[in-house]
Amino acid sequence: MIRFESVTKRYPDGTVAVDGLSLEIPDRSITVLVGPSGCGKTTSLRMVNRMIEPTGGRILLDGQDLQQQPVHTLRRSMGYVIQHAGLFPHRTVADNIATVPRLLGWDRGRARSRAMELMERVGLDTALAKRYPYQLSGGQQQRVGVARALAADPPVLLMDEPFSAVDPIVRKGLQEELLRIQQELGKTIVFVTHDIDEAIRLGDMIAVLRTGGRLAQFAPPDQLLSAPADAFVEDFLGADRGIRRLSFFTSAGLELSAAPVVGADDALPDPPAAPYLLVVDGDRRPLGWADPKRRAAGDRTLIPYGRPFQAEHGTLREALDSAVLSPTGWAIAVDGDGRAVGVVSQEAVAAAIRAAHAGQGGAPEDAEPAGVR
């Protein structure tokens, strides 16, 4: 556990970057520091490995004051990942990953073996081991950065906006990879971001800092969304925090209807089961929506079906998004292989949301959707 005790950082010109910060970062979890520019989140992170020294208070790691530990030993015991990866351009991927093990005295063979193992763990093809950073994509470079931070198996991992420089698709993949690795390894991770959606997706605990380095609220993401401490936190979370909170309610309890789902060559039900029919292929994968009247007249044009959600492992936020994006107002539920298992209307999703908020159908403590923390 990492504990901040009234930690302050004041610069010679009088600027206060962190002001009396006190919080306990739990072991084997992801704690996210988030807030506006100038709130001291990166300064707080860098004080953990003493890249920046506090001017007041203490930071303890498992009860020991960090100021009492040799700085080089401390830094080598913590993984550190920054924006743009910060790789050594003159070293290969494998040599970058093996940096800390080599500094710790590992022989070349053992360090290289560890590098190859970690490339696989972070989702990198080991064929890239002999390439140089400039030969990799941004997402690949960030994966190398994560692998390098994990190389000596440190108990603490510090991550300073590590995914902010990549595009949204790559960023989502890196977030999923981090959650998978954390599930396997159980590190104590301190993660800095300016993106509240990223904080909610990744964090077990979230610390919201005010401008001037003061703590505004420290809470699990669902509590943060449901009960902001004050107007500042509420404004920082944004007007759509209610929609974000739906990520903590599972879609598994939604009542799905299979009647409107028909095969591409099936005869139309008479009377039609719904104003629109979902047409699927032979593997029950969605093809599009059909208007029964037009289809009966020989018009086989299909309406785009939008974006499905996973029935058992999705969230009410995903189900609502699917219903809103659907031109018919019906959301398509699929299984893990993308096969349609039924449809659900916007009205039914809204009813499930009301029930969830009332604690009658999948409250956050009752069910935890896959991939949501």
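Rule-based calculations on the coordinates, nothing more; no lab input. Just so it is clear, the structure is predicted and the values come from calculations on it, not from any experiment. With ideal geometry, Cβ positions are generated from the backbone for all residues, glycine too; neighbour counts draw on all protein chains shown.
Placing a pseudo-label 7 Å from each Cα along the Cα-to-Cβ vector at His90 and Asp13 gives an inter-label distance of 3.4 nm. Stokes-Einstein, applied to the Kirkwood radius of segment 261-357 over Cα pairs at a viscosity of 0.692 mPa s and 37 °C, places its translational diffusion at 240 µm² s⁻¹.
Within the shell defined by Cβ-Cβ distances under 9 Å, the residues around Met47 carry a net charge of +2, with Lys and Arg each +1 and Asp and Glu each -1. Name the residue, out of Asp240, Asp153, Asp204, whose mean-square fluctuation peaks in a Gaussian network model built on the chain with Cα pairs under 10 Å. Highest fluctuation of the listed residues: Asp240.
Where does the charge balance sit around Arg3 when Lys and Arg score +1, Asp and Glu -1, over other residues with C-beta under 12 Å from its C-beta? Please report the intermediate quantities before stating the final value.
Working: positive: Arg58; negative: Glu5, Glu24, Asp27, Asp62, Asp65.
Net charge around Arg3: -4.
A cut-off of 5 Å between modelled amide H atoms, ignoring neighbours fewer than 5 places along the same chain, links Ala216 with Val208, Leu209, Arg210. Out of Pro327, Gln83, Leu278, whose Cα points farthest toward the positive end of the dipole of the chain (charges: +1 Lys, Arg; -1 Asp, Glu; placed on Cβ)? Among Pro327, Gln83, Leu278, the one farthest towards the positive end of the dipole of the chain is Gln83. Of all lysines in the structure, those lying under 23 Å Cα to Cα from Lys187, and not within fewer than 8 positions of it along the same chain, are Lys41, Lys172. Exposure proxy for Val18, Val261: other Cβ atoms within 10 Å of each Cβ, ordered fewest to most, give Val261, Val18. Going by neighbour counts of Cβ atoms within 10 Å, the residues Asp19, Asp299 line up, fewest first, as Asp299, Asp19.
Amide H contacts under 5 Å for Val18: Lys9, restricted to partners 5 or more places along the chain or on a different chain, H placed in the peptide plane at 1.01 Å from N. Taking other residues whose beta carbon is less than 12 angstrom from the beta carbon of Gly79, and scoring Lys, Arg as +1 and Asp, Glu as -1, yields +2. For segment 232-246, backbone phi angles converted through the Karplus equation (6.51, -1.76, 1.60; θ = phi - 60°) give residue-by-residue couplings of 4, 5, 4, 5, 5, 5, x, 5, 9, 5, x, 5, 4, 5, 5 Hz, Gly and Pro being listed as x.
Out of all DSSP beta bridges in segment 233-352, what portion is antiparallel? Express it as a percent rounded to 5. Don't skip to the answer; put the middle values down first.
Working: 12 of 17 bridges.
Rounded to the nearest five, the antiparallel share is 70 percent.
The string of couplings for segment 159-175 from the Karplus curve (6.51, -1.76, 1.60, θ = phi - 60°) is 10, 9, 6, x, 10, 6, 9, 10, 6, x, 5, 5, 4, 4, x, 5, 4 Hz, one whole number per residue in order, with x for Gly and Pro. Karplus-based coupling profile of segment 284-297, in residue order and whole Hz: 6, 8, x, 10, x, 8, 10, 7, x, 5, 5, 5, 5, 8, with θ = phi - 60° in 6.51 cos²θ - 1.76 cosθ + 1.60 and x standing for Gly or Pro.
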